[in-house]
Structure formats: structure tokens, C-alpha cells
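Below is one structure, written out as C-alpha cells, with a few remarks after it.
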Amino acid sequence: MNESSTTTNLTTPLSPARSLFNRGMTVLAFCLTSIGILPLISVLWNIIVKGFPGLTATMFTKEVIDDGFANAIVGTLTMVGIASLLSIPIGIATGIYLSEYAPDSKVNRTIRFLTTILTGVPSIVVGIFTYDIIVLNTKQLDAPFFFGRQLFDFNFSYSAVAGGIALAIIMLPIIALTTEEVLKLVPITFRLASSGLGGNKFQTITRIILPTALPAITTGILLAIARACGETAPLLFTALYAQYWAENLLSPTASLPVLIFNLYNDPDPVKNQLVWTASLFLLGIVL
């Protein structure tokens, strides 16, 4: 009787009232989604309309001082590259540890809790923290001398390296938590099959689990990079700003977000147009 009644319920068409309610909720969902997307479309359209007319080839070769943003592009890519080199390996390793090695232990719960909190820390706080730890403290460190000569310059004060470290702190929790959640979605049968074939835990993770989850892990990495590309506050405290090409990785470095922040209220029409064009290019990088 139970199987018969279940089959009957599954094959019986919905009542007119229920069908009307379903359609009404579907329409309502589409309307609310459209309302939520409308501000985003408005922002995108405004940036495209105001930024595209000023787009010229010379902007990609000149410095900010010459009404271009080539040095800001290079600075942004450099700092995001440094941040990626620091955060991606550590983030993936953290996600693997949280997912595969005693996921319910107290240590793992503590790491997961702190990582989750780190995702909600405002970026300006990350900038202040990096400024205090990297910029201020390295000013007080003297590199060792050898026969009267200083071996190396250890001063990270206002540099691409300091900016990259700040962005790495922002990227790290995103990559770690994404990797953990993705690895949990890999079926347990994959792990059991690997163990049945004689694979140890390390071989199972590196040859079975990670390759299976690699597309989703890559998505998490790209989301973290996209966020880092648009961050302004941490770079104000760490990389500062420069209208010229940076001398090296340990000197003040220009970036697209800080360029937009500094020149937005500039009364010069050329600089104002540069802001909108830089915004358009930054949007293109993120997309």
C-alpha cells in the first residue's frame, strides 16, 4: 500500500493552485534576481561608457606622470604574482591538511576557525597589520656587514614585496577554505580504491584526490586573485604609490587600484579620463 501510494503521489499532476504558486515563485525569483543584478550592470555600463573613449595604445607604454598607466599595470601584476607565490602553496597545503589529516581534531578545528575569521577581516586592517610587521619593523633591521660592506638591503619599506605580502594574507584564507571544501566533495570510494590498490595517503592525495579536485581548486585560486587585483587599502600602507617606474621590488610601486584612488578627484580632465580608462582595464583583468 505504501509503495502504491508513493507511486500515485509522484505521478499525479500538481493541482492548479500549486502550479500557480510555483510559477508565481519562479517569476518572483527572477524579478528579485534582476533587481540584484541591476546595480552591477549599471556600474559596468558606466565604466565602459566613460572608460572606453579614452583608451589609447600609448597608455600601455607610458608612466602615470605622462598620462599612462603602464607602470601601474606592471606593479599590480608584480604584487599579485608575489602574493600568488606565497599564498597558493600555503593555502592548498592548509586545505589538504584540514580535509585529509584528522579533520575533526582540535587543532584542525582551531585552524579552520581562525581561517574563517581571517576571511572577514577588513582589508584595511590587513594593510595596517602588514605595515606594522613588515614596513616599520624592517626599517629597524640592519643587514650584516662583511669586511665593512653590507651584505644585502633588507629594507622592505613601502615596496612591491610588502604589498605582495599584504595581498597574500587576503588570498590565503580564500584558497585554504575553498580547497578544503572541494576536497571533501571527492567521493570516499576514490580513497578506498586507492588504498585497495596499495597506495599510501600521500600517493592517494597527490595522484587521485588533487587531480580530481583541480578544476574547482583553480576556480578558488582565480577568485582569490580577482579579489587581490582590486584591493586598494592594503597597498596604501605597504606599496605606497609612484608615478614613475619602480626601481626594484623593494621600492614604492604603483598599482591600478591606488592610481584610481589617488586621481579620482583630480580636477585635470586628462587625469580624470585616465581614472576611468584604468578602471576599465582593471575590470578586464578581473574578468
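How many of the residues making up region 172-227 are more than 27 Å from the chain's Cα centre (by Cα) and of a type in the set (A, V, I, L, M)?
Residues meeting the conditions: 4.
Counting only residues that are open to solvent by 10 Å² or more (accessible area, probe 1.4 Å) and over 24 Å from ASP66 (Cβ atoms), give me the helices (runs of 4 or more DSSP H) lying completely in region 168-287 with at least 3 of them.
Correct list: 188-196, 201-204, 210-229.
Just for region 61-88: of the residues that are at pLDDT below 85 and hydrophobic (A, V, I, L, M, F, W, C), which one is most open to solvent (accessible area, probe 1.4 Å)?
ILE65
Let's see how each residue does on (1) on the phi > 0 side of the Ramachandran plot; (2) in contact with a Ser or Thr (Cβ under 8 Å, 6 or more places away or on another chain); (3) at pLDDT below 90:
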residue	(1), (2), (3)
GLY164	no, yes, no
ILE169	no, yes, no
ALA193	no, no, yes
ILE208	no, yes, yes
LEU240	yes, yes, yes
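The values are calculated or read from the model by the stated rules, or taken from the named source; none is laboratory data. What you see is a predicted model; the values in this text were computed from it and never measured. Cβ: placed from backbone, ideal geometry, glycine included. Neighbour counts: every protein chain shown. Note: accessible area is taken over every heavy atom of the protein model, side chains too, but ligands, DNA and RNA are not part of it. Shrake-Rupley method; radii C 1.70, N 1.55, O 1.52, S 1.80 Å.
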